[in-house]
Amino acid sequence: MSKKYHVYGIGNALVDQEFEVTDDFLEHEKIQKGMMTLVDEESQNHLLARLTERFGVKKRAGGGSAANCMYAISQFGGSTYYSCKVASDETGDFYVQELGDLHIDTNLDANRAYG
């Protein structure tokens with residue numbers, strides 16, 4: 001009996017967004033280069049809106065540690081299945097599409113709540 005999947009992953013769906021910003025912007029927003037700062041949801045939404053409005057998103061990439069592992073396994077020829085929770089919005093659509101493009105199976109086409 002053969003197995004359909006070599007590895008089944010469960011994790012958090014993350015989408016990294018990259019922006020090319022100016023030093024003036026960082027100074028105005030009180031952001032230090034090379035540092036990570038945890039922020040609340042309100043601050044994050046404010047900053048993302050300003051970044052998108054002023055600079056536009058340069059690059060996006062789906063991730064999360066479990067998803068990254070599924071990608072690595074698939075690159076070595078393994079068959080993978082990934083479970084996570086993804087919203088039915090533009091970012092969620094991007095994430096689901098990217099997993100499909102990378103040949104990582106999911107059930108994310110169904111039961112996605114908006115937002």
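Set side by side, the residues Gly34, Gly11, Gly92, Gly77 differ, and just one is surrounded by 14 or more Cβ atoms within 10 Å (Cβ to Cβ), at pLDDT below 95 and either in the same structural domain as Tyr114 (by TED's automatic domain parsing) or of a type outside the set (Phe, Trp, Tyr) (or both), which is Gly92. If you go through segment 78-115 and pick out every residue that is more than 18 Å from Gly9 (Cα to Cα), of a type in the set (D, E, K, R) and free of Cβ contacts under 8 Å to residues at least 12 places away in the same chain, you end up with 2.
Is there a residue being in contact with a Gly (Cβ under 7 Å, 6 or more places away or on another chain), more than 26 Å from Val21 (Cα to Cα), in contact (Cβ under 8 Å) with a residue 60 or more places away in the chain and surrounded by 10 or more Cβ atoms within 10 Å (Cβ to Cβ) anywhere in segment 46-67? So far as segment 46-67 goes, no, none of its residues is in contact with a Gly (Cβ under 7 Å, 6 or more places away or on another chain), more than 26 Å from Val21 (Cα to Cα), in contact (Cβ under 8 Å) with a residue 60 or more places away in the chain and surrounded by 10 or more Cβ atoms within 10 Å (Cβ to Cβ). Taken over segment 55-93, the criterion of being in a helix (DSSP H, G or I) and in contact with a Lys or Arg (Cβ under 7 Å, 6 or more places away or on another chain) is satisfied by Gly92 alone.
Quick check on Ser43: is it assigned by TED's automatic domain parsing to the domain that holds Gly11, over 17 Å from the mean Cα position of the chain (by Cα) and not in a loop (DSSP other than H, G, I, E, B)? It is false that Ser43 is assigned by TED's automatic domain parsing to the domain that holds Gly11, over 17 Å from the mean Cα position of the chain (by Cα) and not in a loop (DSSP other than H, G, I, E, B).
The values are calculated or read from the model by the stated rules, or taken from the named source; none is laboratory data. In this text the structure is predicted, and so the values were computed from the model without any measurement. A quick note on method: Cβ atoms are made from the backbone with ideal geometry, for glycine too, and the neighbour counts reach across all protein chains shown.
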